[in-house]
1. Suppose every K and R has +1 on its Cβ and every D and E has -1 on its Cβ; what is the size of the dipole of the stretch 67-146 about the Cα centre, in Debye to the nearest 20?
2. Taking the Cα centre as origin and putting +1 on Lys and Arg beta-carbons and -1 on Asp and Glu beta-carbons, what dipole magnitude results for the stretch 292-404, to the nearest 20 debye?
3. Using the crude model of +1 on Lys and Arg Cβ and -1 on Asp and Glu Cβ, and no other charge, please compute the dipole size for the stretch 167-297 relative to its Cα centre, in debye to 20.
4. Taking the dipole about the Cα centre of the chain, with the C-beta of Lys and Arg at +1 and of Asp and Glu at -1, give me whichever of Asn260, Ala126, Ile301 is farthest to the positive side.
5. Tally Lys and Arg at +1 and Asp and Glu at -1 over the other residues with C-beta under 12 Å from the C-beta of Trp289: what net charge comes out?
6. Multiplying the sequence separation of Asn260 and Gln140 by 0.36 nm and subtracting their Cα-Cα distance, what value in nm do you get?
7. What pairs from Lys44/Lys266; Lys94/Lys266; Lys259/Lys328 go past 30 Å between their alpha carbons?
8. Give the aspartates and glutamates whose C-alpha is closer than 13 Å to that of Lys230, dropping any in the same chain fewer than 8 places away, or say none.
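Laboratory data are not the source of any read-out in this text; all were calculated from the coordinates shown. What you see is a predicted model; the values in this text were computed from it and never measured. Note that each Cβ is placed from the backbone with ideal geometry, even for glycine, and that neighbours are counted across all protein chains shown.
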Amino acid sequence: MAGNVIDFMKLWTQSDIDSERKLKKFLLMGLDKVVQGQSDVLSKISVGPSVASPFVRWMEEWGYPSQVVASLDDTTLTFSGKLFGRPITESSLKQIVRVGTILERPEGGAQVKVTALNDLEATVEAYGGTTLTDDPQPIQWDIIAEVWSDYRDADEPRALDRVFREVGSQIHAETFEIPKTRKNTAYEIVSNETEHQISALLDKLRRQLAYAVLRSRPYHDGTGFVYGTKTPEPTMCGICSWPAITQQEMPNPLVCVNKNGAPIAKDNLDDLIRNLWLTEHADYGKGDWWIVCHPLTHQYIHDFDIAYRIIEKTDREIGFHVDRFDSKIGKSFPILSDRYMRPDTLLVLNFSSAQYGYFANDRMDRKELPTQGRYQRWLISFQTYGVVVRNPRANIGMIYGLPS
């Protein structure tokens, strides 16, 4: 806000172009900076460019997987599950498996070579001197390589399809009203009643924006999420909602873990980080990776390995504080606790992939509403989109169902 209350209120009550420009600048800068100052998570999410659409759309593609779900019965390998975010089909299967492909069972190292492929069944033979045994149920088989020769013709070419992802926008609005009697009354602890009421209202909008960026969920029609002008409901997508969207496409309980009310343990974090890297190909060498949680969850992390820590008799402080987690895959993650986070949720998040922003020409607006009495009424509103997360499956892992 402006440093001088008189100057600020002059801007607030005037409607000329210069006053409008300055007021929006003061309100918006105050909103963004204070929200980001009060919310550690929001301070690390960049504000993107303005958009002129009720939803933001971008294209992504599923990478070629390194595993496929199948079960072996004698010399027949039957494929199942999902590929590229959809139920497996013969067409999608041929994008990763064809005659000559070598597959390996992770446990035991038995390998098979595909000799024929028909629909979702492949005829296979033992490869590399291994012995085959039947699978009691479908398991993950690793895709090792393909047998090729100098004289083999190129057949069944491959190409990745692309899909659209979307996030909607959401209007944040509040009304402000003050009667002339109260406006002109001096209070002992409030020097300017109007400025005091506006500040309190902006604090409320700041909290509303912080909660929306972190926890807002898109409208769901019972079948799928609905964005943009297809629904009058708020459709902004928060960071914590992205795992729900991606898990609806293709569940992966290894990177979206339900604790069912049990406290978090050190192994849970290690497993989540490792599985996000193994199954979703998270690149921990790029970006800005953090562990994000509520302070209530952080208190459990403070106690990790507490039996192995030492306090000297000469120490003048008591207690332990953990602000980094060294995972077993060799990557260190700083820990960020935020009071606006869901208490039952922990995220492993790449902040460089996340972004929210404002609707075009709608960053902050205030409008005086006509009245018939001795009072003034104003409408404060702005519209945001987000949160855009590029490649969310590889940039967000979640543990939920924690004690709250």
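1. About 360 debye.
2. Charge dipole of the stretch 292-404: 460 debye, to the nearest 20.
3. The calculated dipole for the stretch 167-297 is roughly 240 debye.
4. Going by the Cα projections, it comes out as Ile301.
5. In short, +2.
6. 40.6 nm
7. Correct reply: Lys94/Lys266.
8. Glu166, Asp221
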